[in-house]
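Novice: Here you go, one structure.
The values are calculated or read from the model by the stated rules, or taken from the named source; none is laboratory data. None of the values given here were measured: they were computed from a predicted structure. Methodologically, a virtual Cβ is constructed for each residue, glycine included, from the backbone with ideal geometry; neighbour enumeration extends over all protein chains shown.
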Amino acid sequence: MHILVDDCTCFEKGNYYSPVSSNDCRSFTQRTAFLPAKTQKCPYGLQFDVRTCVCNYPKDTVCPHYCPAPYAQHAVAGPSCSQNGNTYRQVPGTHCKKFTQETATLPPQVHSCPYGLKFDLKTCVCNYPRDTICYA
């Protein structure tokens, strides 16, 4: 049985799976809590479907427009803030309405701010737009 973690991640049998949206979901990353991410290709003509946690026919798959890159310790993608062992980043192209959260051992997860709020890197929380500097 699989669990849908967010729009970009599903969890099954101790592994996290995420589509690679930059290649139209024709591949996906597989991660565990303690090993580096591995990118794998779907069979020809199929796309990774985060809702079912398997490669599927494109007509039955929704490919997210943006999913964060697979976790890598050397990767640094734009401005970030840290709090309680978590690193947060604004998701590009969302006008700061979405942000990622990651730790040293878990993959980035995409979260949405409540309606009318934007993610603020100064405070590491969703905030009123007038009080937020938006880089994304």
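Novice: Out of everything in region 18-41 that is over 23 Å from Thr103 (Cβ atoms) and assigned to a loop (DSSP other than H, G, I, E, B), what residue ends up being modelled with the lowest pLDDT?
Specialist: Among those that are over 23 Å from Thr103 (Cβ atoms) and assigned to a loop (DSSP other than H, G, I, E, B), it is Asp24.
Novice: Ok, one more. Quick check: is even one residue across region 100-118 in a strand (DSSP E or B) and over 26 Å from Arg31 (Cα atoms)?
Specialist: Checking region 100-118: at least one residue is in a strand (DSSP E or B) and over 26 Å from Arg31 (Cα atoms).
Novice: Quick one: which of Tyr44, Tyr128, Tyr66 is aromatic (Phe, Trp, Tyr) and either at pLDDT below 85 or under 22 Å from Leu4 (Cβ atoms) (or both)?
Specialist: Tyr66
Novice: Looking at region 5-21 only, could you name the residues that are more than 15 Å from Asn56 (Cα to Cα) and within 12 Å of the chain's Cα centre (by Cα)?
Specialist: Val5, Asp6, Asp7, Cys8, Thr9, Tyr16
Novice: Do you know which residues across region 96-125 are at pLDDT 90 or above and exposed (fewer than 14 other Cβ atoms within 10 Å of the Cβ)?
Specialist: Within region 96-125, Pro114, Tyr115, Gly116, Lys122, Thr123 meet the criteria.
Novice: Among the residues of region 54-63 satisfying the criterion of being assigned to a loop (DSSP other than H, G, I, E, B) and at pLDDT below 95, which is surrounded by the fewest Cβ atoms within 10 Å (Cβ to Cβ)?
Specialist: Across region 54-63, the extreme among qualifying residues is Val62.
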